[in-house]
Ligand SMILES: [Zn+2]
């Protein structure tokens with residue numbers, strides 16, 4: 001099944017951080033039709049997971065976050081300057 005662009009996997013610790021090795025698997029088949037900006041956003045999203053961020057549920061009128069799952073963030077006209085302030089705030093809360 002090639003419906004995902006990339007996936008991050010590993011073992012989570014109780015603090016929300018990963019314990020040990022973290023693997024990002026890039027699906028070159030699933031992501032083959034994406035633009036450069038979209039590919040970048042997928043990579044930043046997965047790196048957010050590496051840093052311990054989970055998915056968030058947002059609409060286009062909400063605070064911008066690269067951690068929105070799926071393609072909603074591409075249609076919101078949020079720009080390509082991700083990670084956004086809310087993402088950085090989340091990482092700062094973890095570390
Ligand atoms: Zn994700």
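Given R₀ = 25 Å, what would the calculated FRET efficiency be for residue 38 paired with residue 94, taking r from the Cβ atoms and rounding to 0.05?
Step by step, r from the Cβ atoms, then E = 0.45.
Helix-only estimate, please: 222 nm mean residue ellipticity of the chain, summing -39500 (n - 2.57) across DSSP H runs of length 4 or more and dividing by its residues, to the nearest 500. It would help to have the intermediate numbers written out before the result.
Numbers: 3 runs with 29 residues, N = 95.
-9000 deg cm²/dmol, from helical runs alone.
Restricting to Cα pairs below 8 Å that are 6+ residues apart, what does the relative contact order work out to for the chain? Please round to a whole percent. Write out the running numbers ahead of the final one.
Numbers: 122 pairs, mean separation 22.3, N = 95.
Rounded, it is 24 percent for the chain.
For the chain, what D do you get in µm² per second when you plug the Kirkwood radius from alpha-carbon pairs into Stokes-Einstein at 4 °C and 1.567 mPa s? Could the numbers behind the result be given before it?
Values: Rh = 13.9 Å.
In µm²/s, the coefficient is 93.
Each reported figure results from applying straightforward, stated rules to the coordinates on display, with no laboratory input. For clarity, every value in this text was computed on a predicted model and none was experimentally measured. All Cβ positions, even for glycine, are placed from backbone atoms using ideal geometry, and neighbour counts span all protein chains on display.
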